[in-house]
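Taking it in order: structure first as structure tokens, then the write-up.
All of the numbers you see were taken from the coordinates with simple rules; none came from a lab. What you are looking at is a predicted structure, and each value in this text was computed from that prediction instead of being measured. Cβ: placed from backbone, ideal geometry, glycine included. Neighbour counts: every protein chain shown.
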Amino acid sequence: MRGVIDLTRLAIATAMIVGSALPIHAQMTAASAQCKLSETIDDLLPQAVRGDPQAQIRLGRVYEQGIGVKQDFKQAEQWYQRAAEQGMVEAKASLGDLYLFKIGDKTEVALKYLDEAAEQGSGDAQRLLGFHYLLKGRWFSGSEAKSLSEKSREWIRKSEETYRKAADSGDAEAQFQLGDLYRQEPYGFGPDYKRAIAWYQKAAAQDYPKALFALGNMYEEGNGVEKDEQKAITYWKQAANVGNLQAQLMLGSIFSTPWADKRNQTEAFKYNTMAACAGNVHGQYGLAFQYLKGEGTPTDFVQAAAWFQKASDQEDSRAITELGKLYMAGIGVSKDYEKARDLLSRSEAKGSIGAQVYLGVLYFNGWGVDKSYSTAMELWQKSAKRGDEKAEYYIGLMYFQGAGVDKDRVQAEKWWRQAVKNGSKDAEKAIIYMENNK
């Protein structure tokens, strides 16, 4: 046992790094080089500011969905409003959707925008109004419920007519929306999967991404078709290859799941890359982790750090923690304890157990902070209360060494045995060491 915790026990990778670490701007270039981005926020913003209503709507979507930026409904609202002020029906429908389902206490404003868009022929707005009144009617009984039900059916019927007119002329988006309408219990009598599938297939024949993804879901769930996981994956692959983010994330998850019989890290890497390049934070984190572990791709710590940085910029606490650990160990980046401290503190404030543990290591050793056994103990106790085996192991180590507390082998063994229950191999070895050195 050493008087100082060995960082190599804590680092997520201990292999030697081939080549030197790159500064962060070079890392970001390295990460972006593998992406072929068709349109970025930097492209859209100047157009939107100049008053291009289509760019304003697309920028609103970027913020609403968190594509390459932190999800921000207020920013989405701002850009949709600018487009709506120019009479864009799609923007009005998007505002109604945003106010109805994502920004609370704005139902009246939502209905105002949806009514305007619906009267101007927006099938999306008509459908949203139909489902709003359908759901609202379930809270009432008697004449009120009947009135809301009739109102719901009227709007659903109008949306069906709007979509059908465009769908019959070959519009893939309308075909998909019509299929989605039938899938979602349009008249309150249950979904019509057969009709949904028929329209999804028409849109899928045109390689419409959302329809391909939806068909995959139907086969995965066995809705209107015989359940067939392989067909589901085939449809999801088609959807992913034509840019559907949901399919990319789904496949990245399926192929990287340790206990799945379909585990295939090479495939996971492919789809995580697609999602990461589309700016999705989960894809960025998954891709970074694969570079870090060398799963599905050769280990590349510089790329790992770069993609963790991109995900960190979207405030993903997992990525912030991992990046902090890399700065602490000097893996893929130049060692920088102060940077590690700032990152881990940021993630710890979000409630990350991992950040608490590694921040405790900094305080235990006095790396980038004033050495403080009491702060380390406080952080580890927080994590231990949530069942973290690393924290339990280090608390035991403090008692065994008498670091900031009186030496107490009984307490040390107690914490180590708890850590073993939670899977700690280090604690298991520590107990053997203690028993052999009484």
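When the Cα positions of 78, 132, 279 are compared along the charge dipole of the chain, 279 comes out farthest toward the positive end, with charges on each C-beta of Lys, Arg, Asp and Glu. Compute the Rg to Rh ratio over region 128-210 from the alpha carbon atoms, using the Kirkwood formula for Rh, and round to two decimal places. Taking Rh as the inverse mean 1/r over Cα pairs, Rg/Rh reads 1.06. Across all Cα atoms of region 308-363, the radius of gyration (one decimal) and Dmax (whole number) stand at 9.7, 27 Å. Distance distribution note for region 108-266: the fraction of Cα pairs above 18 angstrom is 64%.
Summing +1 for each Lys or Arg and -1 for each Asp or Glu among the other residues whose beta-carbon sits under 14 angstrom from that of residue 210 gives -2. Using Cβ point charges alone (K and R +1, D and E -1), the dipole size of the chain about the Cα centre works out to roughly 980 debye. This model, with +1 at the C-beta of Lys and Arg and -1 at the C-beta of Asp and Glu, gives region 122-224 a dipole about its Cα centre of some 320 debye. Placing +1 on the Cβ of every Lys and Arg and -1 on the Cβ of every Asp and Glu, with nothing else charged, gives region 90-173 a dipole about its Cα centre of roughly 340 debye. Candidates 415, 403, 362 compared by Cα position along the dipole of region 331-438: farthest toward the positive end lies 415, with charges placed on Cβ.
The candidate values were (i) 23.6; (ii) 25.1; (iii) 34.3; the one computed from these coordinates for Kirkwood radius over Cα pairs in Å carries the label (ii). The angle separating the long axis of helix 142-168 from the principal Cα axis of greatest extent in the chain is about 90 degrees. Please build a GNM for the chain, connecting alpha carbons under 10 Å apart, and tell me which residue among 358, 373, 271 fluctuates the most. Per the Cα network of the chain with a 10 Å cutoff, 373 tops the list. Taking each DSSP H run with n ≥ 4 as -39500 (n - 2.57) and averaging over every residue of the chain yields -22000 deg cm²/dmol at 222 nm.
Packing around the peptides 291-297, 43-49, taken as the average count of other Cβ atoms within 10 Å per residue, puts them in this order, highest first: 291-297, 43-49.
A cut-off under 13 angstrom between Cβ atoms defines the neighbours of residue 242, and their net charge, with Lys, Arg +1 and Asp, Glu -1, is +1.
Relative protection proxy for 416-425, 232-241, 391-400, 193-202, from highest mean packing down: 391-400, 232-241, 193-202, 416-425 (other beta-carbon atoms within 10 angstrom). If you model region 385-438 as an ellipsoid using its alpha carbon gyration tensor, with each semi-axis the square root of five times an eigenvalue, the axes come out at 16, 14, 7 Å, biggest first.
Just order 146-158, 121-133 by mean Cβ neighbour count inside 10 Å, highest at the front, would you?
Order by mean packing, descending: 121-133, 146-158.
Convex hull volume per residue, computed on the Cα atoms of region 55-138, equals 87 Å³.
Taking a sphere under 11 Å around the Cβ of residue 307 and counting the other residues whose Cβ falls inside, with K and R at +1 and D and E at -1, yields a net charge of -3. Between the Cα long axis of helix 245-256 and the first principal axis of the chain there is an angle of about 40°, rounded to the nearest 10.
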